[in-house]
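Below is one structure, written out as structure tokens, with a few remarks after it.
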Amino acid sequence: MSASPARARGLDVRGLLFDGWHWIVTFLIIASVPALLFGQTYVMNVFVTVAFFSIVAVSLDLIMGYGGLPTFGHTGFFAVGAYVMGILAARLQVPLILGIVVALGVSLLLALIIGMATLRLKEYYFAVATLGFAVIVVHVIAGFPEVTGGWSGLQGIPRPSIAGIPISSDLQYYWIAVLMLLAGLIVGRNYIDSRYGRSIRAIATDEQATSTLGIPVARRKVQLFMLSASYASLAGSIYGLYLRVPTPANFDIPVMIDMVLMLFLGGIETLWGPIVGAVVVRFLPEVMGVFQDWRVAIQGLIFVLILMFMPRGLAGFIMNRLARGRTSTHPKPVQADATAPARLTWVPSSAESAAPLLRIAGVSKRFGGLQAVGDVSFDVAAGQLKAVIGPNGAGKTTLFNLLSGVIVADSGSVLLAGRELIGLAPDAVARLGLVRTYQTPRLFASMTVVENVLTGRDALFTSSLLANLVKIPASAAEERTARDSALALLDLVGLRQRADVLASALPFGERRLLEIARALALPPSVIMLDEPAAGLNESEKDRLGDLLLCLREQGLTLVLVEHDMRLVMRVADEVAVLNYGQLVADGSPEAIRQHPEVIRAYLGEEVTVAAS
Amino acid sequence: MHRLARQLSGVVNMPALHLHRFDRLAKVRRVLAVPAVLMLAAMVACAPSSGGGGGGNEPIKIGAILSTTGAIAGLGTDELVGAQMFVDEINGKGGINGRQIQLIHIDDESKPENAVSAAKKLIQQENVIASIGPSSAIVSASTAPIFLESKVPDVSAIGDFGPLNPYLFSLFPITGQGVVALDFVKQRNLTKFGVIVQAGPLAESTRRTTTPDFEKLMQMVAYEQVQPSDTDLTPVLAKIRSAGAEMVLNPMTGQQAALAARNFKQINYPGVLIVTAQNANAAFIDLVADAADVTNVVGTKVFIYQDLPDSDASKAPLTDFATKFTAKTSRPATLVSNIGWDMMLSLTEAIKTAGTDREKIRDALETQKGLQTLTGTINRSAQDHNGMEADWILMGVDAANKKFLLKK
Amino acid sequence: MDPLYLQAFFGGLTSGSIYAMIALGFTLVYRSTTVINFAHGELVMLGALLAISGVATLKLPLAAAVLIAVVLSGAIGVVFERLMVNPVRNQPPFVLILVTLGASALLRGLAMVIWGKDALPLPSFSGGQPIEIAGASLLPQVVWIVAGTAATVALLSLFLNQTIWGKALRACAENPQAAGLVGIDVGKMVRLSFMLSAAIGGLAGVLITPVTTMDFQAGFLLAMKGLTGAIIGGLERVSGVVAGAILLGVIESFSSVFISSAMKDAVAFLILILVLYLWPQGIFGQREQR
């Protein structure tokens, strides 16, 4: 099954509503409307549950919307938050704050375990496994009534108070929930804007390409899972206080389904969409009351219609309306500093040691009856541009996959500056300095050009997840530096003016260049390019050739798989030739041209070549 | 439909909704427009009606939180009909002290969150003096604290409600069912019984209230729980059989009660099957099918009112109720529908003596004694907020004629 | 052998074969569109309720009612595809999944008003006399279910692997663009798969209802079980789906008897998670290349 399909985000409306701190004010204004209108009435109760459920739904947007991981287990963390705190407070007289913290710790631990166990599963399987977690939690709560109170609920949770003021009214809980929601939105926004958010969106688009950029995919997924679980746990703890007597029915599967519905009706990848969805899901039954038994069918119909005509949810629909007045390629003002030479720092590949930088020895891979790569050995010296050529099906791309760790070799060894690469995961290989591009550019279509480059640069960042979540000045500064470097790289490949354009909007030739720029962001010591000239016209190929030579001048080591002989002859220092998975020749471009084996491989028979 | 869909999508993508000037204020206005519209809709939906239990000729408002949709829809629907029938009758006779009763029903969709907001709406907006329902323990656990805090008396349809709550009363009959087992125990020298029940609040309350009656007579050797989605109960019944149970107690609800009966027959269980009539109805008879001959149902007299001797005092009111109920719904009357009626009866009796003061109504409910209802007699006390002593009878199933039979 | 073991197995076989019959409908739609139709349980339910109406209201003989119900189910499948699936066919798959979830709620609501809230029965195909084997008993209807499942698996596998239509169908899931380019009418293929899937669902409904009875909600619960079983076995293969579903039923049954009947669902899910940890593609699913 293919990975999650690339989702083309609409237009970049985020700038509109979320400029600076503007949105927080908007949020607070909107949040106070229900309080002012309905503060003393029963309707407040519905708004309180809307707020609490929204917190969980927002966390679902992080993990399902942005992260593409379909999870149905968050009511489990919601329940753990309420019950662990409740049991500690009611049975052991533990102070509420401590209870909430312990509950959070338990949730994080559970999220870590479940995350590590299940995140390598594909979509549906992952969903079912997380659903299982939610079911098990409810069963455990119901199964030990002496501790949890069972289905009659957990009695005896003390009433909380803040600075001596008891918290008991709907209005008080509403504001607490609203502030928690606000915090959740801020943290969520920071996450999405940070490299963690970028990496998770990249993972959702193309997991393999992301790992070959040096991003530890599994670790990021688990981190996100734990982050969203913490939302649910904290919300659950306060919700448990609000309920006074939490029961398993408050955290059962119908609640989970409601929350997922809120997310999708509201709109994924918006963060605030789930709040809209929560309002609709919770209020629709109130409005529908007159229809009696027909209500269920009519509600179902409404949901279907919304999902059909507003697939990006209500929030997505609203955003589309608001973005009408803007063109999609409206760029942010970019520094007009095109004359400054690009400052690039590679891992020094100076010819300090005599040993070759990349040493490939006896690498083999068999797929069933086909020996795709058979005992291939060659060297690539530091600062060299090595071309690998051969007819179609010769095993060139397979070789790249073996080198970058995407496929595990049956035998052989690959040494990069003395470090063995065989057996390492793709992200580890990339972090050691070996990156690659693909035959068809695998970009992150829903992100902008500069965001794509920034994902390539992920491994260089040092600020931690927590630092990014609260956006301490150091992490913000790091972002800025990173952005400058990324722009410099775009300058190098000539895409500077397209920095804020969506990658999906680029023409083919520019996509290639973007992929190269992204690969260079690490920065690598060796870059492997898989047929970079394919699909380019003559002038684009010339531009490419110039770029490759320029990179070599700067000290980078390049390995090139190519079919275009003119380009190969122009740029390559050495050429290796593969045929049927075997290495048939390895030497200077001139020698290769005349090599009888090579000619036979391409043309099928011996042909005398006139001396050029 | 396809053309309609295309037309609709055309409307939705109207290009005319263009923004002329794209400034921040316009942005904020448009963003606020959405929640404003939603607020408006909510306000319209939640528009309060006239106030509550004052004096004069204003109606006495009583709330009813009953699940007419969702998992336990069958319960709430019948309860509502029974309750409404009572209200219609008492209003026809002039109401209470000259004031009509207004029953305000809200469906909680079998979900506790909805029941909580329904309770708050009834108390704060409709200003009900008391309420009936919820229909099940799953839901009432969440509404109980609300009635307690608002000091509003509530007569619910459940049989058991966990820890005692001063404002919460119930009247689903839960005790005394062991009496029908007496004969079996004596005749066949039964010493061991097992229970098969659905996991959840029903299992909990059965353990607390129903099985003790039977444990006075026999030893309980198995207590097995099943899931509502189970399609075959033969393994669990075989497990109970292995434990040596000579009688199987089946207090389940819904179609699974019938499934258990069918499975009981399927494995030729060497023993007696007792099904408690939690929601036995015509559907149950249909579903039991071939297992009718081994099925003994503990029920109340409403199921076989036609076979009661004329000397039985409950025959007349039950016949009256049943004929009216069937006329309304084209279904036979059931215990659950009686519960609906009885909830209103118990409550209105309290209102008759105590007036419309909530505290006095509460006290009156707590001290209700000797009240004859369709289901049985209510004798409450401060320790027992249920107090329903049902006239339990043992019934068989007459599959051919699609009805219950009075046994012995 | 203690008849308890055998009864546990028969019980597991009963529920497992029910799940399997339902799961088959899932896999057909999945193989042609890579989406899971979350309204499939409702199609099962509708097939059953239609047959019940045929017998109870129209007084048709059982065989006729069953046949008509299956055919009508197929027709409903086509209508479902036209109304719910076709309008969103160009959206990413997750939108389609959501629409089917909404459709599931819609159909359940409609069934509730049309057929009421109570469960309804359907007579067994060959009588209710249980079959006794070594102290354990099995309903004859279960034999019908198992036979029906086996026949459907055989026909479905044949169809998908041997006939040109089946191969065209699978091509649509692999790469709808390419399929269109080689002349396959993708729209027609999708419609066909929904029609067949709904007919299989209707057949499942009429086969299982004599055992379980049917009400407006039962379809959803059973479908979720069927889906879980299908995932355990591996959605990619028809036989895997069935094997996984039966395995789920047997695991549930044995854990109910020998571990704890109350925690049965929890135990089953725990085992599910373990299985998926060891075999991420399902026990019988295709292995990923690495």
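Quick note: the coordinates plus some simple rules give every number you see, no bench work behind them. Quantities reported herein were computed from a predicted structural model and do not represent experimental measurements. Cβ coordinates were reconstructed from backbone atoms using ideal geometry, including for glycine residues, and neighbour counts include every protein chain displayed.
List of remarks:
- Rounded to whole Hz, the Karplus (6.51, -1.76, 1.60) HN-Hα couplings of the stretch A:103-120, x for glycine and proline: 4, 4, x, 4, 4, 5, 4, 4, 4, 4, 5, 5, x, 5, 6, 10, 6, 7
- Approximating the spin labels as points 7 Å out from Cα along Cα→Cβ, the A:S411-to-A:L36 distance works out to 7.9 nm.
- Among beta bridges identified by DSSP and lying wholly in the protein assembly as shown, the antiparallel ones come to about 45 percent.
- The amide H of B:E389, built 1.01 Å from its N in the peptide plane, has B:T377, B:I378, B:N379 as neighbours under 5 Å, considering only residues 5 or more places off or on other chains.
- Over all other residues within a Cβ to Cβ distance under 13 Å of B:G98, the charged ones net out to +2, with Lys and Arg as +1 and Asp and Glu as -1.
- Label zone at C:I133, where the point sits 7 Å out along the Cα-to-Cβ direction: the stretch C:248-268 residues whose backbone N lies under 15 Å: C:250
- Cα centroid of the stretch B:164-221 to Cα centroid of the stretch C:60-81, whole Å: 45 Å
- Close amide H partners of B:Q102, meaning residues 5 or more places away or on another chain with modelled amide H under 5 Å apart, are B:I60, B:K61, B:I62.
- Full extension of the segment from B:N91 to B:D357, taken as 0.36 nm per residue of separation minus the current Cα-Cα distance, would add 93.8 nm.
- Separation of alpha-carbon centers, the stretch A:525-581 and the stretch A:56-76, rounded to whole Å: 43 Å
- One equal scatterer on each Cα of the stretch B:251-295, no solvent, Debye formula: the resulting log10 I(q)/I(0) at q = 0.15, 0.16, 0.23 Å⁻¹ is -0.30, -0.34, -0.70.
- Relative contact order (%) - the stretch B:178-299, alpha-carbon pairs under 8 angstrom, separation at least six: 25 percent
- Mean separation of Cα contacts under 8 Å, 6 or more apart, over the residue count of the stretch A:403-538: relative contact order %: 36 percent
- Here the Karplus relation 6.51 cos²θ - 1.76 cosθ + 1.60, evaluated at θ = phi - 60°, turns the backbone of the stretch A:527-535 into coupling constants of 10, 9, 10, 9, 6, x, 8, 4, x Hz, with x for every Gly and Pro.
- Here r is the Cβ-Cβ distance between B:A382 and B:A327 and R0 is 41 Å; the resulting FRET efficiency, rounded to 0.05, is 0.50.
- Span-rule helices in chain C, defined as complete DSSP H runs reaching 27 Å or more along the axis (Cα) with Kyte mean at least 0.0: C:3-33, C:93-115, C:140-162, C:186-212, C:238-258
- When the square roots of the Cα gyration tensor eigenvalues are ordered a ≥ b ≥ c, the ratio a/c for the stretch B:178-299 is under 1.5, which makes its shape rounded.
- Here the Karplus curve 6.51 cos²θ - 1.76 cosθ + 1.60, taken at θ = phi - 60°, turns the phi angles of the stretch A:462-472 into couplings of 10, 5, 7, 4, 4, 4, 6, 5, 9, 6, 5 Hz, with x standing for Gly and Pro.
- Distance from the stretch A:379-447 to the stretch C:238-269 (C-alpha centre basis), Å: 45 Å
- Estimated inter-spin distance, B:E215 and C:A63, nm [label 7 Å along Cα→Cβ]: 5.5 nm
- The mean sequence distance of close C-alpha pairs (under 8 Å, at least 6 residues apart), as a share of the length of chain A, puts its relative contact order at 16 percent.
- Rounded to the nearest angstrom and listed largest first, the equivalent-ellipsoid semi-axes of chain C from its Cα gyration tensor are 30, 25, 17.
- Each helix, a run of at least 4 DSSP H residues, gives -39500 (n - 2.57); summed and divided by the residues of the protein assembly as shown, these come to -17500 deg cm²/dmol at 222 nm.
- Pairs of Cα atoms in the stretch A:79-203 fall into 5 Å distance bins, from 0 up to the last occupied one, in shares of 2, 9, 12, 16, 19, 17, 13, 8, 5, 1 percent.
- Peptide-level mean, for C:269-279, of C-beta atoms on other protein chains within 10 Å: 5
- Computed from label points 7 Å out along Cα-Cβ, the spacing between A:V290 and B:K407 is 5.1 nm.
- Radius 13 Å from Cβ of A:I114, net charge of other residues (Lys, Arg +1; Asp, Glu -1): +2
- Amide H within-cut-off set for A:V373, under 5 Å, with H built and near neighbours excluded: A:K365
- Net +/- balance of residues flanking C:G135 in space, Cβ distance below 11 Å, scoring K and R +1, D and E -1: -1
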